[in-house]
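A.B. asks: Let me give you the structure first, and then I'll get to my questions.
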Amino acid sequence: MVSTSSYLALSGILFALGMIGVLTRRTAIMVFLSVELMLNAANLALVAFARSWGDPTGQTAVFIVMTLAAAEVAIGLAIIVAIFRKRETTNVDDLAALKG
Amino acid sequence: MTLAFILLGALAIVGGIITIAARNAVHASLGLVGTLLCVAGLFATLNASFLAATQVIVYAGAVMVLFLFVIMLLNANQPVTGHDPVPFVRELAGIGGTLLAAAFVVLAFTYKDPRPLAESAAALRGGDAMIMGETLLTRFLLPFEAVSILLLVAIVGSVALVQRPEAQPDGVPDELDTPVGTVPGDRGQDEQPRFGPRVGGQPALQAARDGEVSA
């Protein structure tokens with residue numbers, strides 16, 4: 001049985017990869033993809049803790065996080081589409097100003 | 001079990017690197033699909049079979065289809081090029097990310113299981129839908145109901161967000177742009193409203209559109 005520490009280390013590496021993606025990518029959609037990567041790293045850690053404690057609470061939390069992520073993607077992509085219609089770009093540097 | 005962990009973990013990291021490094025957005029999202037499938041496999045090795053199935057269906061299926069749809073709808077698969085407003089952002093993010101990953105790995109190996117792993121894994125009963133449902137509908141009933149409301153709000157909100165505005169931003173309805181004296185029904189195909197109904201049209205044009213609908 002693989003130790004919980006190994007899963008946590010893998011989760012940390014995936015989280016750091018997602019963070020690098022959020023910081024370096026400049027298309028809003030790519031930033032979103034990296035956020036999904038970070039959410040999945042956190043989910044992996046939660047499931048590893050659930051097995052470590054023998055408690056399904058962690059798995060339930062992952063279920064709720066998945067639902068939240070689905071809602072976030074639906075709203076976020078709708079916002080990106082709305083902004084793209086107005087500004088013709090999804091580059092986050094061009095969208096830094098909140099001025100309509 | 002160990003072999004499965006090493007294989008799936010390595011593939012997940014490779015998929016993550018593709019996600020953050022691919023120039024083409026479609027390649028990046030396909031890399032993320034690979035990572036999500038590997039994470040689903042890792043869930044299965046962690047006695048969470050229901051979550052593994054949900055991960056494949058919801059994440060790798062529905063969410064990623066939505067992502068690919070938007071990438072292709074906005075034609076955003078080409079990388080953004082041009083001036084970089086923050087100098088050395090790639091180098092700084094790379095160093096910072098490496099340090100963060102190292103800190104996580106060091107911290108992870110200080111973790112001690114509170115009780116023997118085989119014993120706690122048996123308590124999860126494989127993480128099937130039954131044990132998940134028991135927890136969701138007893139201890140987590142309020143979050144469960146809140147999530148259902150959240151999903152409803154997300155559906156309504158996304159529909160409202162992508163709706164075309166009823167009038168142009170300058171407040172002048174489109175129909176006023178039509179030259180006076182145009183014969184109703186004589187409009188070319190390209191002059192018809194492209195997206196949804198507009199308000200404030202002239203009565204004759206409104207009647208003509210109703211006629212078009214019924215015709």
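The values are calculated or read from the model by the stated rules, or taken from the named source; none is laboratory data. Computed from a predicted model, the values in this text were never measured in an experiment. A quick note on method: Cβ atoms are made from the backbone with ideal geometry, for glycine too, and the neighbour counts reach across all protein chains shown. Side chains included, ligands, DNA and RNA excluded: accessible areas come from the protein's heavy atoms. Shrake-Rupley method; radii C 1.70, N 1.55, O 1.52, S 1.80 Å.
A.B. asks: From A:74, A:50, which residue is within 8 Å of another protein chain (Cβ to nearest Cβ) and either within 13 Å of residue B:63 (Cα to Cα) or touching a residue at least 40 places away in the same chain (Cβ under 8 Å) (or both)?
C.D. replies: From the options A:74, A:50, the qualifying one is A:74.
A.B. asks: While we're on this one: When you scan the range B:127-142, how many residues do you find that are in a loop (DSSP other than H, G, I, E, B) and within 28 Å of the chain's Cα centre (by Cα)?
C.D. replies: 2
A.B. asks: For the condition free of Cβ contacts under 8 Å to residues at least 12 places away in the same chain and hydroxyl-bearing (Ser, Thr, Tyr), what is the one hit in B:110, B:35?
C.D. replies: The unique qualifying residue is B:110.
A.B. asks: Same structure again: Considering only the range B:38-60, how many residues are buried (at least 16 other Cβ atoms within 10 Å of the Cβ), free of Cβ contacts under 8 Å to residues at least 12 places away in the same chain and hydrophobic (A, V, I, L, M, F, W, C)?
C.D. replies: Of the residues in the range B:38-60, 2 are buried (at least 16 other Cβ atoms within 10 Å of the Cβ), free of Cβ contacts under 8 Å to residues at least 12 places away in the same chain and hydrophobic (A, V, I, L, M, F, W, C).
A.B. asks: Here is a list of conditions, (1) within 26 Å of residue B:95 (Cα to Cα); (2) free of Cβ contacts under 8 Å to residues at least 60 places away in the same chain; (3) open to solvent by less than 10 Å² (accessible area, probe 1.4 Å); (4) facing another protein chain (nearest Cβ under 7 Å), and residue A:29 meets all of them except one; can you say which number that is?
C.D. replies: In the conditions (1) within 26 Å of residue B:95 (Cα to Cα); (2) free of Cβ contacts under 8 Å to residues at least 60 places away in the same chain; (3) open to solvent by less than 10 Å² (accessible area, probe 1.4 Å); (4) facing another protein chain (nearest Cβ under 7 Å), residue A:29 misses (2) alone.
A.B. asks: Can I ask one more? Does residue B:64 satisfy being more than 8 Å from every other protein chain (Cβ to nearest Cβ) and open to solvent by less than 60 Å² (accessible area, probe 1.4 Å)?
C.D. replies: In short, yes.
A.B. asks: Still on this structure, please answer the following. Return the residues of the range A:32-47 that are without any contact (Cβ under 8 Å) to a residue 40 or more places away in the chain, closer than 20 Å to residue B:23 by Cβ and open to solvent by 10 Å² or more (accessible area, probe 1.4 Å); say none if nothing qualifies.
C.D. replies: A:35
A.B. asks: Does residue B:23 satisfy the criteria of being under 28 Å from residue A:95 (Cα atoms) and surrounded by fewer than 17 Cβ atoms within 10 Å (Cβ to Cβ)?
C.D. replies: The answer is yes for residue B:23.
A.B. asks: Out of (1) within 7 Å of another protein chain (Cβ to nearest Cβ); (2) open to solvent by 10 Å² or more (accessible area, probe 1.4 Å), what's the single condition that is false for residue A:3?
C.D. replies: For residue A:3, the exception is condition (1).
Yes or no, residue by residue, for (1) open to solvent by less than 30 Å² (accessible area, probe 1.4 Å); (2) closer than 15 Å to residue A:55 by Cβ; (3) more than 9 Å from chain A (Cβ to nearest Cβ):
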{"residue": "B:129", "(1), (2), (3)": "no, no, yes"}
{"residue": "B:138", "(1), (2), (3)": "no, yes, yes"}
{"residue": "B:142", "(1), (2), (3)": "no, no, yes"}
{"residue": "B:154", "(1), (2), (3)": "yes, no, no"}
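Quick grid of which residues meet (1) under 23 Å from residue A:33 (Cα atoms); (2) part of a helix (DSSP H, G or I); (3) in contact with an Asp or Glu (Cβ under 8 Å, 6 or more places away or on another chain); (4) open to solvent by 60 Å² or more (accessible area, probe 1.4 Å):
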{"position": "B:68", "(1), (2), (3), (4)": "yes, yes, no, no"}
{"position": "B:76", "(1), (2), (3), (4)": "yes, no, no, no"}
{"position": "B:85", "(1), (2), (3), (4)": "yes, no, yes, yes"}
{"position": "B:92", "(1), (2), (3), (4)": "yes, yes, no, yes"}
{"position": "B:97", "(1), (2), (3), (4)": "yes, yes, no, no"}
{"position": "B:100", "(1), (2), (3), (4)": "yes, yes, no, no"}
{"position": "B:112", "(1), (2), (3), (4)": "no, no, no, yes"}
